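*Asks:* My questions will all concern the structure given below.
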Amino acid sequence: MSNIEREPMFSAKNIKLFTAPLSRDNPITVQVLGICSALAVTVKLKPAIVMALSVTIVVAVSNVVIAAMRKYITDRIRIIVQLVVIATMVILVDQVLKAYAFDVSKQLSVFVGLIITNCILMGRLEAFAMANKPWPSFIDGLGNGAGYGIILVVVAFFRELLGSGTLFGYPVMEKLGLYSTGYKNNGMMILPPMALIVVGLIIWFQRSRDKSLIEKK
Amino acid sequence: MQHLLNIFVKSIFIDNMVFAYFLGMCSYLAVSKTVKTSVGLGVAVVFVLLITIPVNFLVEHYVLKKGALAWLGKGFADVDLSFLTFMVFIAVIAAIVQLVEMIIEKFSPSLYNSLGIFLPLIAVNCAILGAALFMQDREYQTVTEATVFGVGSGIGWMLAIVSIAAIREKLRYSNVPDPLKGLGITFILTGLMAIAFMGFMGIKL
């Protein structure tokens, strides 16, 4: 170990670790991880952002913890160890949300708890933290959390704007005077099925921009 | 009896795990390429839910809830362990899945061969933990209600994955635009199926 040259903290490789999950290696649209909670919390922007932040924190911190312990975890019990680390982080996040943002925490209901089984976490721990040092793992966690967050925010933006005509609760459509011209909110957008369709469209958009992502069959 | 039937139908169709709450989406998307494997995974999910939901219900009512430890003696009457819910639920689920895997391996190798590879996947399937958390959230009163809810959710999940797998098998011969192939079209299809399932809304027995 000692003869390996120490790489700088923000080397090109580490920066790439952060930027790749934002687009080319996005956890939701490319790796297909963490869909479960991504869709249910995107009716409004606010819960979506809170959820994105919580997931980012949990991924980053548990990545660091697991990366630090990676040499002591036996293969057979690694899933339990990972689950315990994640569950601890999620309990912390849940308690903080309950204390400081009770209404959002009520809106997110069971989905905060479901961060535990969010595949992004297990996926990143298995694929990255078990084989890398804490610092790159931390960046990888941040990157993947942010990539997840971007999709969440985009989906929530469209659903809130078109579904309820507001952004962060601010009545955008009303202020623009669209209602007087006969514009109506699309009630369909706030129903669960539209979340799936919006994500489908995002995938379509992304893949037609970047042909290398197209699935070959 | 009618009350239980109501919970059962509601958990299969109206509160469908996949279409209404997007739970278990990861394995739903990853394992739905052929009908055969998706039936295997579906059966495994129903089976695990059948066992874990009642167990988690009992754990919740006799250990975690505020005042649930009263049976240990007066000193425990106002202990509130509910902040440990997530940790305990996921531990119970992981342990039971491991146990079920070992039991099946021992007693029915043929079943193990068909279910075996799916069981470890299930421990981290959000549908299982999701069902446990919904069970707590909706405050079912008896263990029977909870079990019926668990089995119903499992069957609903299985229904969803088997039907999308059937559609995807047919879809192989269709002319889907390249960027939509695979994941994209599956999302849109699931969305359309979810719209269809919304037709069940409001049904009460």
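Please treat every number below as a calculation from the coordinates, not as lab data. All values reported here derive from a predicted model rather than from experimental measurement. A quick note on method: Cβ atoms are made from the backbone with ideal geometry, for glycine too, and the neighbour counts reach across all protein chains shown.
*Asks:* Kindly provide the helix-only [θ] at 222 nm of chain A, computed as the sum of -39,500 (n - 2.57) over DSSP H runs of four or more divided by all residues, to the nearest 500 deg cm²/dmol? Don't skip to the end; give the middle numbers.
*Replies:* On the way: 10 runs with 135 residues, N = 217.
Value at 222 nm, helices only: -20000 deg cm²/dmol.
*Asks:* List the residues, sorted by chain then number, that are 5 or more residues from A:L167 or on another chain and whose placed amide H is less than 5 Å from its amide H.
*Replies:* A:V172
*Asks:* Go ahead and estimate [θ] at 222 nm for chain B from helices alone: -39,500 (n - 2.57) per DSSP H run with n ≥ 4, summed, over the residue count, rounded to 500.
*Replies:* Details: 9 runs with 130 residues, N = 205.
It comes out at -20500 deg cm²/dmol, rounded to the nearest 500.
*Asks:* Taking a quarter of the surface of the convex hull around the Cα atoms of the stretch A:77-195, what do you get in nm²? Don't skip to the end; give the middle numbers.
*Replies:* Numbers: hull surface 37.8 nm².
Average of the hull's projected areas for the stretch A:77-195 equals 9.4 nm².
*Asks:* Sort B:H61, B:H3 so the one with the fewest other Cβ atoms within 10 Å of its own Cβ comes first. Display every interim value, and only then the final one.
*Replies:* Values: B:H61 16, B:H3 11.
Ranked by crowding around the Cβ, least crowded first: B:H3, B:H61.
*Asks:* Straight-line reach from A:K71: which lysines fall under 19 Å, measuring Cα to Cα and dropping same-chain residues less than 8 apart?
*Replies:* Correct list for A:K71: A:K133.
*Asks:* Kirkwood Rh over alpha-carbon pairs of chain A, then Stokes-Einstein at 4 °C and 1.567 mPa s: what D in µm² s⁻¹, rounded to an integer?
*Replies:* Details: Rh = 18.6 Å.
Rounded, D is 70 µm²/s.
*Asks:* By a straight-distance test (C-alpha under 19 Å), which aspartates and glutamates pair with A:K13 as possible cross-link partners, with residues fewer than eight away in the same chain excluded?
*Replies:* A:E5, A:D25, A:D140
*Asks:* Okay, moving on. What list of ³J(HN,Hα) couplings, whole Hz, do you get for the stretch B:104-109 from phi and the Karplus terms 6.51, -1.76, 1.60, once you set θ to phi - 60° and write x for glycine and proline?
*Replies:* The phi angles translate into 4, 4, 6, 9, 9, x Hz.
*Asks:* In whole Å, largest first, what are the principal axis extents of the Cα atoms in chain B?
*Replies:* 69, 44, 33
*Asks:* State which entries of A:K46/A:K175; B:K33/B:K181; A:K16/A:K211; A:K46/A:K184 exceed 18 angstrom in Cα-Cα distance in the structure shown.
*Replies:* Values: A:K46/A:K175 20 Å; B:K33/B:K181 13 Å; A:K16/A:K211 20 Å; A:K46/A:K184 23 Å.
Table pairs above 18 Å Cα-Cα are A:K46/A:K175; A:K16/A:K211; A:K46/A:K184.
*Asks:* Ordered by residue, what ³J(HN,Hα) values in Hz, to whole numbers, does the stretch B:72-79 give under the Karplus form 6.51 cos²θ - 1.76 cosθ + 1.60, where θ = phi - 60° and Gly and Pro are x?
*Replies:* 7, x, 4, x, 9, 4, 10, 7
*Asks:* Read phi for every residue in the stretch A:58-71 and hand back ³J(HN,Hα) as whole Hz from Karplus 6.51 cos²θ - 1.76 cosθ + 1.60, θ = phi - 60°, with x for Gly and Pro.
*Replies:* Rounded to whole hertz, the list is 4, 4, 4, 5, 5, 4, 4, 4, 5, 4, 5, 9, 4, 7.
*Asks:* Taking neighbour Cβ counts within 10 Å as the exposure measure, how do B:F47, A:F102, B:F83 sort from fewest upward? Display every interim value, and only then the final one.
*Replies:* On the way: B:F47 19, A:F102 10, B:F83 13.
With the fewest neighbours first, B:F47, A:F102, B:F83 line up as A:F102, B:F83, B:F47.
*Asks:* Classify the protein assembly as shown as rounded, prolate or oblate, taking a ≥ b ≥ c as the square roots of the eigenvalues of its Cα gyration tensor: rounded when a/c is under 1.5, otherwise prolate if a/b is larger than b/c and oblate if not.
*Replies:* On the way: a/c = 1.26, a/b = 1.07, b/c = 1.17.
Cα axes put the protein assembly as shown in the rounded bin.
*Asks:* If you fit an axis through the alpha-carbon atoms of helix A:78-100 and take the longest principal axis of the Cα set of chain A, what angle between them do you get, 0 to 90°, nearest 10?
*Replies:* Helix A:78-100 sits at roughly 40 degrees to that axis.
*Asks:* Can you put A:S164, B:S110 in order of Cβ neighbours within 10 angstrom, beginning with the fewest? Please report the intermediate quantities before stating the final value.
*Replies:* Details: A:S164 19, B:S110 8.
If I rank by nearby Cβ atoms, fewest first, I get B:S110, A:S164.
*Asks:* Once amide H atoms are placed 1.01 Å from N in the peptide plane, what residues at a sequence separation of 5 or more from A:N26, or on another chain, have their amide H within under 5 Å of its amide H?
*Replies:* Placed amide hydrogens put A:Q31 under 5 Å from A:N26.
*Asks:* Straight-line reach from B:K10: which aspartates and glutamates have Cα under 16 Å away, leaving out those fewer than 8 places along the same chain?
*Replies:* Of all the aspartates and glutamates, those that pass the test against B:K10 - Cα under 16 Å, at least 8 places apart if same chain - are B:D137, B:E139, B:E145.
*Asks:* Each label point is 7 Å from the Cα along the Cα-to-Cβ direction; what then is the distance between the points at B:V176 and B:L72, in nm?
*Replies:* So the two model labels end up 5.2 nm from each other.
*Asks:* Continuing with this model, one more query. If one takes the longest principal axis of the Cα atoms in chain A, at what angle in degrees, from 0 to 90 and to the nearest 10, does the Cα axis of helix A:192-209 lie?
*Replies:* In chain A, helix A:192-209 runs at an angle near 70 degrees to the longest axis.
*Asks:* When the dipole is taken about the Cα centre of the stretch B:1-137, and only Lys, Arg (+1) and Asp, Glu (-1) are charged at their Cβ, what size is it in debye, to the nearest 20?
*Replies:* Details: 7 positive and 7 negative charges, 39 e Å.
Charge dipole of the stretch B:1-137: 180 debye, to the nearest 20.
*Asks:* Would you work out which of B:M135, B:A146, B:Y173 lies farthest towards the positive end of the dipole of the stretch B:122-182? Charges go on Cβ: Lys and Arg +1, Asp and Glu -1.
*Replies:* Value: B:Y173.
*Asks:* Under 1.5 on a/c is rounded, so check that first for the stretch A:15-108, then, if it is not, pick prolate when a/b is larger than b/c and oblate when it is not; a ≥ b ≥ c are the square roots of the alpha carbon gyration tensor eigenvalues.
*Replies:* Working: a/c = 2.10, a/b = 1.27, b/c = 1.65.
Oblate.
*Asks:* Still on this structure: What are the extents of the Cα atoms of the stretch B:26-127 along their three principal axes, listed from largest to smallest and rounded to whole Å?
*Replies:* 55, 31, 16
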